[in-house]
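Everything below concerns the one structure shown next.
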Amino acid sequence: RLLSKKLKQKNNSYMKKVIFIIKSFFISQSLNELSSSGLINIRRRNFISTTIYGNVCAFYHIDCKTFLEIISKISPIQNLCQLLELISLSSEFSSFSPRKNENYELDRLANIVPIPVKFSKKTKDFKVNVLVQSYIEIIFIKSESLQIDCSYICKKALKISRIMFEISLLKKWANVTQLCINLYLAIK
């Protein structure tokens, strides 16, 4: 019994070391990705601080991929149509591809919304764009599944439009800042 207990203790300590090494590897890999994307600064070995963009990303609890997409695609000469497209292209909505039973309703809504949708009709970008515009314009959605999707999408779109406002404010782009806050207030 004593021998088996000692072997188990040795195996446990060995497994703890292996788990520690694996965790350390994944943590350092994640920190390097965040540092290369500009969301954190790593000074020396033990000092990590967030950047202004990292603070915005953390405050709004948004996926880093979505945040980096917004930073890379937002520009000082965008209009409202392009901002809506930027929201639609967000990776936050990757699971919202149109279902077969929703195609008719989405086509009906696409013909009513004020800004023409440039995306293919069978993509999640099309669905998100149409639902956000329908929500802003207070257009009745007949399909219950689309109503549920619209509610979730608009909550995320509200957050994304606020992030676009914060980014344009930090970059001191007055026109885009005004458009982003108007879009945010329209969704709200």
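Numbers for the structure displayed
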item: Helix-only CD estimate at 222 nm, as mean residue ellipticity for the chain, using -39500 (n - 2.57) per DSSP H run (n ≥ 4); result: -22000 deg cm²/dmol
item: Relative contact order (percent, whole number), the chain, Cα cutoff 8 Å, 6+ residue spacing; result: 18
item: Region 112-163 shape via C-alpha gyration tensor axes, a/c threshold 1.5; result: rounded
item: Long pairs among Lys122/Lys156; Lys23/Lys172; Lys23/Lys124, criterion Cα-Cα beyond 28 Å; result: Lys23/Lys172; Lys23/Lys124
item: About the Cα centre, charge dipole magnitude for the chain (Lys/Arg +1, Asp/Glu -1 at Cβ), debye; result: 1640
item: Sulfur and carbon atoms: percent of accessible area, the chain [1.4 Å]; result: 59
item: Per-bin percent of Cα-Cα distances, region 30-188 [5 Å]; result: 1, 9, 18, 20, 18, 13, 10, 6, 4, 1, 1, 0
item: Anchor Lys16: lysines whose Cα lies under 17 Å away (excluding residues fewer than 8 positions away in-chain); result: Lys5, Lys6, Lys8
item: Solvent-accessible ranking of Ser36, Ser28, Ser90, largest area first, probe 1.4 Å; result: Ser36, Ser28, Ser90
item: Charge dipole (debye, nearest 20) of region 95-180; +1 at Cβ of Lys and Arg, -1 at Cβ of Asp and Glu; result: 280
item: Cleavage-rule hits, chymotrypsin sites (Phe, Trp or Tyr not before Pro), region 122-176, DSSP coil, Cβ neighbours within 10 Å at most 16; result: Phe140
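The values are calculated or read from the model by the stated rules, or taken from the named source; none is laboratory data. The structure presented is a predicted model; accordingly, all values stated were derived computationally and were not measured. Positions of Cβ are backbone-derived with ideal geometry, glycine not excepted, and every protein chain shown enters the neighbour counts. Keep in mind that these areas ignore ligands, DNA and RNA; they rest on the heavy atoms of the full protein, side chains included. Shrake-Rupley method; radii C 1.70, N 1.55, O 1.52, S 1.80 Å.
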